[in-house]
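All remarks here apply to the structure that follows.
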Amino acid sequence: MALAAADRRVRGNLVTMAGWGEPPAEPKRRLRVRFWLRPAEIHQSSSGTVAGLRLERTRLSESGAFEGTGEFETLDAQLVLRSVGYQSVPLSGVPFDARSYTVPNESGRVLSETGEPLPGEYVAGWLKRGPTGVIGTNKADAAETVQALLADLAGGPGAGEEKLPRPGLLRLPGRDEVPEPEDPAGGSVHRSPLAPVLEARGVAPVSYADWLRISAAEEDLAASLGRGDRVKLPHRDAIWTAAKPR
């Protein structure tokens, strides 16, 4: 109950579930909510349809981590609805809080294990604050991170300069420091200073043109399923295939 008092979303969920405990006089359907279970396997019938769902009982470990107990049960079922998850996963070399599934940060600046901002590392969205809010929330969240990044770019100390309170160690290089690619039609094409850095690290960035291809693929998927204007692609491979068609 202490969590409910501190978290508005938890209070709202409790109010909703309390209402479920008062069924109508003549219920046509019954909704039963069961906690501390996670799906492990879908059982198939002889005709190839869903026959049941194998579930594992879960618990919180002494450290507060979510884990399975090794105890299983089978629930008869004729239909299984798959939900696209939103739990963030850690990135190699990036600090990660395994309890909140977020990257520790202050105003979008990634924090080290000792709580110090890591120069040049920023985070936004659900990886920054957890799976909460709507599009408007994400826009304000991203704006906060970008403001921190721009402040660091503008005010980062150079070699031999006194360290500032913020971790800015990046300086926007001059145009003459970044080689300009040749334009097939003649002249030059502006290129981001970040491009050669990503190339050297073997990172393939997603351009705006790539994003448009992803958007088109989601619209096509929605049309094929008859499900509105857009349906999210189901996994990372599908997204990359749409963004970088061969």
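Numbers below:
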read-out	value
Dipole of the stretch 1-148 [Lys/Arg +1, Asp/Glu -1 at C-beta], most positive-end residue of Thr69, Pro131, Thr114	Pro131
Accessible area in square angstrom per residue, the stretch 1-99, 1.4 angstrom probe	87 Å²
From phi via Karplus (6.51, -1.76, 1.60), per-residue ³J(HN,Hα) for the stretch 203-212 in Hz, x at Gly/Pro	9, 9, x, 9, 7, 5, 4, 4, 4, 4
Segment Val50-Ala142, extension gain: residue separation times 0.36 nm, minus the distance between their alpha carbons	28.9 nm
Amide H contacts of Thr102 (H built 1.01 Å from N, under 5 Å, at least 5 apart or other chain)	Asp97
At R0 = 35 Å, FRET efficiency that the Cβ-Cβ distance of His235 and Ser107 yields, to 0.05	0.65
Extension reserve of the Glu71-Glu41 stretch, reckoned as 0.36 nm per residue once the Cα distance is removed	9.5 nm
For Ala51, residues with placed amide H under 5 Å, excluding near neighbours	His43, Gln44, Ser45
Gained length - Arg9 relative to Glu219, 0.36 nm times residue gap less alpha-carbon distance	72.5 nm
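The values are calculated or read from the model by the stated rules, or taken from the named source; none is laboratory data. Quick caveat, the model's predicted, so the values are computed rather than measured. Reconstructed Cβ throughout: ideal geometry from the backbone, glycine too, with neighbour counts over all protein chains shown. In case anyone asks, the SASA skips ligands and DNA or RNA and just uses the protein heavy atoms, side chains included. Shrake-Rupley method; radii C 1.70, N 1.55, O 1.52, S 1.80 Å.
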